[in-house]
Amino acid sequence: MEINIPNYIIFILDKLESSGFESYIVGGSVRDILLGKEPNDFDIATNAKPEDIENIFQDNKIIDIGKEFGTIKIILDKEEVEVTTFRTEGNYSDGRRPEWIKFVSTIEDDLSRRDFTINAIAYNKKTGIVDPFNGIEDLEKKIIRSVGNPKARFKEDYLRILRAVRFSTVLDFEIEKETLKAAEEYGSNISSVSAERINHELFKILLSHKPSKGIEIMREIGLLDIIIPEIMPSIGFNQQNPHHNKDVYNHILCAIDNSPPILKVRLAALFHDMGKPHTMSIDEKGIGHFYGHDKVGAKIAKHALERMKAPHKLIEEVTILVSEHMTHHARFKDKGLKKLIRRVGVENIYDLFELQKADRKCSNEDASIEHILDMEKRVDSILDKREAFDTNQLDINGNDLLKIGFKEGKIIGEVLEYLLEKVMENPSINKKEKLLKLAQKKYSKKS
């Protein structure tokens, strides 16, 4: 069987082989090609030692990213390729690196250290497919199966438990029985893995075609209450509201699945209703209400994402989306929409609408999103016409106010905010002369 691979990969393989060494593409790239997918990147395994790799590619740009672990990165035509010496390795006790590595002589020994059979396949043109653990058969059966003893594989690196969930979700495969059983037995040990490594897998689960599958597997094997403990109160939580036909947990899962695969939107969908179990009140008719759950949910999201060590910008964006997700009920006039754009930011406003549409679709069968679509169109119009929604869009600035006699200080900001209010009501007055006259008329005694 011959596999088509890019020329820059062929160059590296050929150069290693012409220097007397074996080399193969391995892991995810082979798996993806066999599944008919375009690989995101290629990894190469070889029996050349790191110093051999450096010598062979001395005329190319190379980066030592882990020579002691056998890995050298080669840069070719802006493409980055990791080349790693055949090895076996010890446990990942620090959650990041193996305790020890040992170079080995055969590709079969190297493949034996890998996590799942579908990732333990190698290929080169000379030898063809190397598949000592029947990974191709598991690809055909759509099964995630550990290489060898699953308990041993998970004990080496507990992140592999979450990786099993991720592959099952992204590929829509099932986790093999013994592998799943071992994942459940050792799941609590995921707490020893670094937040950054967990996030890498969790975010890929959230960006998959059906994230709810992965979240449900996490719940079943005991990972969910460790990785996202904030979601646990929502499980089975009856909303007691005629506008909702799901408990909070299943509503959240539905909203994630129905939102676009944009990380901040998927995370906002994950957290948007986590405030409900903490804010429920029952009226005299026995109907449940959740006043302020959006603001409580935003605080929960911020705290959780900080614990997860998510990037600051991502935390800020998710918090904004969660905090504002109920605003579609307000039925804003244009001025209110402009204030919403200002609070949320142009870069987030359409993501907010996507979150709101997913939220509505998952409320009940009769829920309409027409009013949200109308808001989108009106925001389109506001932005297309470049109507002001922030003080920096006014046709005057603080210097203009100083020139007509206003003094430096907070009065400048106060005047600009007043003028913005007027311009949001009537965009036609956003002209310097008109705004200066308005300012003088309103603040003549304060200036």
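The rows are residues; the columns are (1) free of Cβ contacts under 8 Å to residues at least 24 places away in the same chain; (2) within 28 Å of Gly28 (Cβ to Cβ); (3) among the small types (Gly, Ala, Ser); (4) part of a helix (DSSP H, G or I).
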residue: Val165; (1), (2), (3), (4): no, yes, no, yes
residue: Glu230; (1), (2), (3), (4): no, no, no, yes
residue: Pro233; (1), (2), (3), (4): no, no, no, yes
residue: Leu253; (1), (2), (3), (4): no, yes, no, yes
residue: Ala268; (1), (2), (3), (4): no, no, yes, yes
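Screening the stretch 152-188 for residues that are surrounded by fewer than 20 Cβ atoms within 10 Å (Cβ to Cβ) and aromatic (Phe, Trp, Tyr) and picking the one that is nearest to Asp138 (Cα to Cα) gives Phe173. The residues on offer are Lys155, Lys210, and the sole one that is basic (Lys, Arg) and without any contact (Cβ under 8 Å) to a residue 60 or more places away in the chain is Lys210. You will find that of His278, His293, the residue that is open to solvent by less than 30 Å² (accessible area, probe 1.4 Å) and of a type outside the set (Gly, Ala, Ser) is His293 and no other. Of all the criteria given as (1) among the aliphatic types (A, V, I, L, M); (2) within 23 Å of Pro427 (Cα to Cα); (3) assigned to a helix (DSSP H, G or I), the one not satisfied by Ala388 is (3).
Out of curiosity, is Ile341 open to solvent by less than 40 Å² (accessible area, probe 1.4 Å) and closer than 30 Å to Lys437 by Cα? Spelling it out, Ile341 is indeed open to solvent by less than 40 Å² (accessible area, probe 1.4 Å) and closer than 30 Å to Lys437 by Cα.
If only residues of the stretch 198-215 that are buried (at least 17 other Cβ atoms within 10 Å of the Cβ) and charged (D, E, K, R) are counted, the one that is nearest to Glu174 (Cα to Cα) is Lys213. For the stretch 222-245, taking the residues that are over 18 Å from Arg307 (Cα atoms) and open to solvent by less than 10 Å² (accessible area, probe 1.4 Å), the one that is modelled with the lowest pLDDT is identified as Gln239. When the stretch 259-313 is filtered for residues that are at pLDDT 95 or above and of a type in the set (Lys, Arg), the ones remaining, listed by number, are Lys264, Arg266, Lys276, Lys295, Lys299, Lys302, Arg307, Lys309, Lys313. Regarding the stretch 131-150, can at least one residue be identified that is closer than 20 Å to Leu35 by Cα, of a type in the set (Lys, Arg) and either open to solvent by less than 10 Å² (accessible area, probe 1.4 Å) or outside any loop (DSSP other than H, G, I, E, B) (or both)? Checked against the condition, which is being closer than 20 Å to Leu35 by Cα, of a type in the set (Lys, Arg) and either open to solvent by less than 10 Å² (accessible area, probe 1.4 Å) or outside any loop (DSSP other than H, G, I, E, B) (or both), the stretch 131-150 yields at least one hit. From the list Ser363, Ser381, Ser368, the lone residue that is open to solvent by less than 70 Å² (accessible area, probe 1.4 Å), among the hydroxyl-bearing types (Ser, Thr, Tyr) and in contact (Cβ under 8 Å) with a residue 60 or more places away in the chain is Ser363. Counting residues in the stretch 36-50 that are within 29 Å of the chain's Cα centre (by Cα), exposed (fewer than 14 other Cβ atoms within 10 Å of the Cβ) and part of a strand (DSSP E or B) gives zero. Can you spot a residue in the stretch 174-188 that is at pLDDT 95 or above and part of a loop (DSSP other than H, G, I, E, B)? There is at least one residue in the stretch 174-188 that is at pLDDT 95 or above and part of a loop (DSSP other than H, G, I, E, B).
Pairing each residue of the stretch 12-34 that is within 16 Å of Asp138 (Cβ to Cβ) and part of a helix (DSSP H, G or I) with any residue that is polar (S, T, N, Q) and open to solvent by 50 Å² or more (accessible area, probe 1.4 Å), provided the two are 6+ apart or on different chains, yields C-beta distances under 9 Å for Gly28/Asn40; Asp32/Asn40; Ile33/Asn4.
Of the residues that make up the stretch 353-371, is at least one of a type in the set (A, V, I, L, M, F, W, C), closer than 30 Å to Val415 by Cα and within 28 Å of the chain's Cα centre (by Cα)? Scanning the stretch 353-371, I find no residue that is of a type in the set (A, V, I, L, M, F, W, C), closer than 30 Å to Val415 by Cα and within 28 Å of the chain's Cα centre (by Cα), so the answer is no. Residues in the stretch 396-425 that are in contact (Cβ under 8 Å) with a residue 40 or more places away in the chain and open to solvent by 70 Å² or more (accessible area, probe 1.4 Å) were compared, and the one that is nearest to Asp334 (Cα to Cα) is Glu425.
The single residue among Asp43, Asp64 that is of a type in the set (Asp, Glu) and closer than 25 Å to Ile190 by Cβ turns out to be Asp43. Within the stretch 30-42, the set of residues being in contact with a strand residue (DSSP E or B) (Cβ under 7 Å, 6 or more places away or on another chain) and at pLDDT 95 or above comprises Val30 only.
Count of the stretch 398-447 residues, restricted to those that are assigned to a loop (DSSP other than H, G, I, E, B) and either in contact with a Pro (Cβ under 8 Å, 6 or more places away or on another chain) or at pLDDT 95 or above (or both), is 3.
The values are calculated or read from the model by the stated rules, or taken from the named source; none is laboratory data. If you're wondering where the values come from, they're calculated on a predicted model, not measured in any experiment. Quick reminder, even Gly has a Cβ in these numbers, built from the backbone with ideal geometry, and neighbours come from all protein chains shown. All accessible areas refer to the heavy atoms of the entire protein, side chains included, with ligands and DNA or RNA removed. Shrake-Rupley method; radii C 1.70, N 1.55, O 1.52, S 1.80 Å.
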